[in-house]
Amino acid sequence: MKIAVISDVHSNKDALNAAFVDMEKRGVDKIVCLGDIVTKYIYPREVVEALKTSCDFLVKGNCDQNVVNNENYKYARSKLGLENIEFLDSLPLVVQKQYQDILCNFFHATPTSNDKIFNPLQDTNYEEMMIGKNAQVNFGGHTHIPSISLISPQGFFLTNESLVYLKSDGKYLVNVGSVGDPLIKNPNHDSIHNYLVAENFNYVILTIENDKYYVEKISVPYKNLFVKIYMDFVRKQQINKDGERFYPRSPKDTEKLYESLQNMNVTDVPLPNDIDKTYTR
């Protein structure tokens, strides 16, 4: 059995569809989503409805909770409709599943909070990422950067391996990265943006094969698709009768998308404010 674990789709329909295609090629049997289904990009309804029908189960992210609770998220709420907003509100914060000899916990950020950042490169209190003393494989997202960590009595070890075999008596913390908004550290120290969109999006596959268990980080090329997403995203920003733009995300974040393309050496895309004059379908 192959279980794909995804997170942080953020209303990015095109990236989600690309992930589905990649999963089919890899023979995935089940899909789990760790929240932040909506906000940032422009297709919240399409993403929610696709995940409803495709996922074995989903958990709630902080952005999902924000849309449920805060009427200021006008773009997402208007596109979702009441039924999908209620669906987001109904999602659990944590799901626990037993797969043969492996106990798995699924959450968005931490088991007790869907918005607290846990950075395995800096934070040492890994026990807050566990559920009970017998927690085995703990899957989270939220940071948009994938990682696999091993937990032992000697400490907490971040591995650079893309594939890790699991022991039934071991403990692991797996960040599945992001399908819809993958991030990398910005190499430009003078920029106001600490992180940029990455050239690959990520998810993980948990494979259960006879008495073997392993987790694999999957990286899917994203650069060419991201150019299309950027053009589509900025073109479809709403403009009111006075010519003012309504952004699904902030103008600052839209500028981050443009800077991300520059970092990918894509230099032939227009500035956000010029797309109305240059873009044709």
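Here the simple spin-label model places points 7 Å from the Cα toward Cβ, and for Glu86 and Lys236 these points are separated by 2.6 nm.
Counting other Cβ atoms within 10 Å as a rough exposure proxy, the listed residues Leu34, Leu206, Leu82, Leu158 run Leu82, Leu158, Leu206, Leu34 from fewest neighbours to most. Note on Ser191, Ser7, Ser168: ascending count of other Cβ atoms within 10 Å places them as Ser168, Ser191, Ser7, the fewest first. Estimated from the Cβ-Cβ distance and a Förster radius of 25 angstrom, the FRET efficiency linking Asn62 and Asn17 is about 0.55. A Förster radius of 25 Å combined with the Cβ-Cβ distance from Asn70 to Ser191 puts the calculated FRET efficiency at roughly 0.30. The alpha carbon centroids of region 62-132 and region 4-27 are separated by 18 Å. Counting beta carbons within 10 Å around each of Cys33, Cys63 and listing the fewest first gives the order Cys63, Cys33.
Taking 0.36 nm per residue of separation and subtracting the Cα-Cα distance, full extension of the segment from Lys228 to Ile184 would add 13.9 nm. Rounded to the nearest 500, the helix-only mean residue ellipticity at 222 nm of the chain stands at -8500 deg cm²/dmol, with each DSSP H run of n ≥ 4 adding -39,500 (n - 2.57). Expressed as an acute angle from 0 to 90° and rounded to the nearest 10, what is the orientation of the C-alpha long axis of helix 251-263 relative to the principal long axis of the chain? Compared with the principal axis, the helix lies near 80 degrees.
Only the coordinates and a few stated rules stand behind these numbers; no lab work does. None of these values were measured; they are calculated from a predicted model. Cβ coordinates were reconstructed from backbone atoms using ideal geometry, including for glycine residues, and neighbour counts include every protein chain displayed.
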